[in-house]
Structures are given as C-alpha cells and as structure tokens.
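Below: one structure, written as structure tokens.
The values are calculated or read from the model by the stated rules, or taken from the named source; none is laboratory data. Note that the coordinates shown come from a computational prediction; the quantities given were computed from them, not determined experimentally. We place every Cβ from the backbone using ideal geometry, glycine too, and count neighbours over all the protein chains shown.
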Amino acid sequence: MMSRAMLDFAILRVRFCEAGMTEIILVRHGQTEWNTQLIFRGRNDIPLNERGYKQASALAGALKERNIDAIYTSPLRRAVETAQPVATLFDLEVVPVQGLIDINYGEWEGVSYHEIKKRYTDEYAQWEQRPELVRFPQGETLDAVKERSLDAFIDIARKNPARSVLIISHRVINKVLLCALLGLSTAHFWEIRQDTGCINVMEYSDERFVLCAMNDTCHLKELTGEPAQPDF
C-alpha cells in the first residue's frame, strides 16, 4: 500500500507533468575539512569529510520518494560526491556542468579566513560590506559568477520540461542564483544563507521560476555533535 507521503509526492509529480512544470532541487554540497577550518575553497578540488558524506546520505534519504529524473553538478569532487548516493538510488548518471563550478577566489584560494583578513584588510572589509564590488585578486566577481551560472541553470531547466531535476553546486553559486531568481542584485549576497547539504526547491514553467523552499536542513537534524557552522 502506498504511504501518505508517497501519495502526496505522486500527486505533486502528476501536477508538474500536467502543467508542464519542472521541479528543480538546488543543493549545496556537503561539508569538507576546509569548511570547518574556514579556508577559502574556490576551484580547489577537495573531498567531503566524514560529516559531508553523512550529509550526502541524508540528502538521498530526503529525496528517495521524489522520483529524480536527472542530476547535474559542479565538476568539483565535493559536489559530485554529494550527488553520488542519490545517483545510486535512482540509477542515474551525474552530469558535470562547468558553469556551476565554484567561484574563482584567485589568490585567496587555499588560505584561511583569519589570514585573509590580515593580508587583505581593505579588500576583505569590502567583501563583507559591498560584495558586489569585489574582484578577487586573479579571480572573479560575483556578477561574472552570476552570468555563467545563471546561463547554465536556465539551460538545464529548459532541457528538462516536466521533470524533477537535482542540481548540486556551491555556496557562492547558489547564493547568486537565488538572488537572480528573486530579482535581487549580487549586493544582497549576505542576505541569503546556504548551509552545507541544504535543499532549495523551485518550480519552473513558461520561463518563470517560483521559489518554494530555501536552505532547508531538516533532513540533517539527526547529524548532531557539532557547533553551528558559520556562513562560510
């Protein structure tokens, strides 16, 4: 017999298909050691830590009745590893998308938050106060990230009409995408939070995105034993 939750998801899926809607589930990758050590990651291809793997497993548990049709990720290992339990569950291929790769922090990559504040005092102060004006030394701006990630995001949505799609990327990518979809500039970067392993859900049809849930971490509530992670 189908459970009430399964029935609700089945009804939701029928509604999406009949209306031509695409369900997009946007996730931030699981935790890495550099998250806990407050080290700027960027293009460094680092793996999940133990908690990150647990978050990936919890994500699969949260999505097991959603009938995921396709999975797209940043090409970096931490995003691909987060996707793997879901891919295994639904027997899907993980498709890496270059436009979803993390921001290029340039000279800040691989350096701790505390060291950056010492070396780049003025630049870091601007990053906290006016992030939209910052170009990281030898790196990108938030608007450049927005342009290439939004192009990739819209392309995925258009290629998957009336399907349920999982996209796994990074804190910066998710924040600028959510800003863009809400009609906000990158100046609002710090007004949106994306915890490791979080889930965002949106509907897409007729070239319009509707945000249904943001920074949902309810599926991670059993993973206790660590203090709250700062927005990093």
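Which of the residues spanning segment 115-134 are in contact (Cβ under 8 Å) with a residue 24 or more places away in the chain and either crowded, with 16+ Cβ neighbours inside 10 Å or in contact with a strand residue (DSSP E or B) (Cβ under 6 Å, 6 or more places away or on another chain) (or both)?
ILE116, PRO131, GLU132
Out of (1) under 16 Å from the mean Cα position of the chain (by Cα); (2) under 27 Å from GLU109 (Cβ atoms); (3) not charged (D, E, K, R), the odd one out for VAL201 is which?
Here VAL201 clears every test but (2).
Which of (1) farther than 30 Å from PHE136 by Cα; (2) among the acidic types (Asp, Glu); (3) out of contact with any helix residue (DSSP H, G or I) (no Cβ under 8 Å at 6 or more places or on another chain) is the odd one out, the single condition ASP216 does not satisfy?
It fails just one condition, (1).
Consider segment 54-105. How many of its residues are under 17 Å from VAL172 (Cα atoms) and among the charged types (D, E, K, R)?
3
Tell me yes or no: at least one residue of segment 144-153 is in contact with a helix residue (DSSP H, G or I) (Cβ under 7 Å, 6 or more places away or on another chain), under 21 Å from ALA87 (Cβ atoms) and among the polar types (S, T, N, Q).
no
Applying the selection to segment 96-109, what residues are more than 15 Å from the chain's Cα centre (by Cα) and within 24 Å of ASP151 (Cα to Cα)?
ASN104, TYR105, GLY106
Filter segment 142-195 down to the residues that are of a type in the set (Gly, Ala, Ser) and touching a Lys or Arg at 6+ places or on another chain (Cβ under 8 Å) and list them by number.
SER164, SER169, ALA180, ALA187
Scan segment 181-207 residue by residue and report those that are at positive phi and either surrounded by fewer than 20 Cβ atoms within 10 Å (Cβ to Cβ) or of a type in the set (A, V, I, L, M) (or both).
GLY183, ASP206, GLU207
Determine whether SER112 is in contact (Cβ under 8 Å) with a residue 24 or more places away in the chain, touching a Ser or Thr at 6+ places or on another chain (Cβ under 8 Å) and among the polar types (S, T, N, Q).
no
Out of GLU33, GLU23, I need the residue that is farther than 30 Å from ILE116 by Cα, among the acidic types (Asp, Glu) and at pLDDT 95 or above. Which one?
GLU23 is the lone residue from the list that is farther than 30 Å from ILE116 by Cα, among the acidic types (Asp, Glu) and at pLDDT 95 or above.
If you check VAL86 against the conditions, is it among the β-branched types (Val, Ile, Thr) and surrounded by fewer than 23 Cβ atoms within 10 Å (Cβ to Cβ)?
It is false that VAL86 is among the β-branched types (Val, Ile, Thr) and surrounded by fewer than 23 Cβ atoms within 10 Å (Cβ to Cβ).
Looking at segment 66-77 only, could you name the residues that are free of Cβ contacts under 8 Å to residues at least 60 places away in the same chain and of a type in the set (Lys, Arg)?
The one that is free of Cβ contacts under 8 Å to residues at least 60 places away in the same chain and of a type in the set (Lys, Arg): ARG77.
Tell me, which residue of segment 27-53 that is within 14 Å of the chain's Cα centre (by Cα) and not in a loop (DSSP other than H, G, I, E, B) is farthest from VAL94 (Cα to Cα)?
Going through the qualifying residues, I end up with GLY52.
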